[in-house]
Amino acid sequence: VTDRFPARLEFLVEAIGLDRDRLAVPRCADIEAAWDTIVDRSVTLIFPDAYLGTPASMFGHTLLVLGGSQKSPLLRQSINYGAVATDSNGVVYAFRGVFGLYRGIFSLEPFHHKVQKYIDLDQRDLWEYDLDLSEVEVRRLVLHIWELREIWSDYYFFDENCSSNLLFLIDVARPGLGLAQDTGIWVIPIDTIRAIIDADLVKARRWRPSRVSIIRHLESILSGEDSTAVRDVAQGRRTLDQVLTGIDDPLRRTRILDTCIEYLRGERGRGRIAQDPYQKRLHAALLARARLGQVDDPAREPPLPAAPEDGHETLRASLGGG
């Protein structure tokens, strides 16, 4: 019981005052070891922005990330609910998803894998919402996830999807919220974000820009001549020495090199440049940038865009003409 239904056991311990020490196995060593890795006892809701590459992601996505013992937040574990789908035909994929013909499961995966996929490959910005949950509530959520291992449910694109099922987890963490019960006939990721904000569960919000957002910003502070030069270097039409010759301003050189580095990484991530020329051009750009040292650039960071929840409501009707 301690291994298979730990959340229910702790509920009984709290509700009826069950004496755990009288059980044959009072606690599961594997569960306690997993719990000990979550040092900061935190949960963050992650919203990867909309992606038109697949029908299932055209409204974005949501997942949870558990706090960990590592210094880098990228090494934490993510909790994701998704459909087990192998169909490549878009029509079949949509039909089966709408009518619940896929199995949906919860899975754990290192957060840095998700960041690489969303930010580098899909070119999607990430929004992170730290949830205001106590240590007891975080433990309750973790134990419930433990109980859901290898358990599947019917996955529906409209109302039993990646977003609606996360609301059930948050309801388990803090009983009485009823977030999953207050949804309509469909639930998309932005609905989940607004639901946790309305429940006063968000204590901090962060934006993690995708590589393409960074590149667009860096190009926006370059002149047209320098922007063309960056693309020429990345695509092998000119060398860095040819581009930088005659440019003495450290700030201008820094911006060209920073943009070139990000542009090269973006092109490689999308498979538009082979590994060998990529490594040679990137190494040359990194070496030239290192020689410049620290150069203060107040315009280096992209400006914070409007938050997803600040947009229009899920259902909107409009009329136009022309």
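Applying a length cut-off of 27 Å (Cα extent along the axis) and a mean Kyte-Doolittle floor of 0.0 to the DSSP H helices of the chain leaves no helix.
Ranked by the mean number of other Cβ atoms within 10 Å of their residues, highest first, the peptides 79-92, 261-274 fall in the order 261-274, 79-92.
Out of (i) 250; (ii) 133; (iii) 197, which label holds the value of volume of the Cα convex hull per residue in Å³ that was computed here? Matching entry in (i) 250; (ii) 133; (iii) 197: (iii). What whole-number distance in Å separates the alpha-carbon centres of region 94-118 and region 260-321? So the two Cα centres are separated by 26 Å.
Using a probe radius of 1.4 angstrom, the carbon and sulfur fraction of the accessible surface of the chain is 53%. Take region 82-154 with all the other protein chains still there, run a 1.4 Å probe, and you get 51 Å² of accessible area per residue. A 1.4 Å probe run over the protein chains yields, for region 1-55, 62 Å² of accessible area per residue, whole-number rounding. What region 169-223 shows is 49 Å² of accessible area per residue, with the surface traced by a 1.4 Å probe over protein heavy atoms. One Cα centroid belongs to region 126-171, the other to region 177-195; the line between them spans 13 Å.
The values are calculated or read from the model by the stated rules, or taken from the named source; none is laboratory data. Fair warning: this is a prediction, and the values are worked out from it, not measured in the lab. Cβ coordinates were reconstructed from backbone atoms using ideal geometry, including for glycine residues, and neighbour counts include every protein chain displayed. We work out accessible area using only protein heavy atoms, side chains counted, and drop any ligands, DNA or RNA first. Shrake-Rupley method; radii C 1.70, N 1.55, O 1.52, S 1.80 Å.
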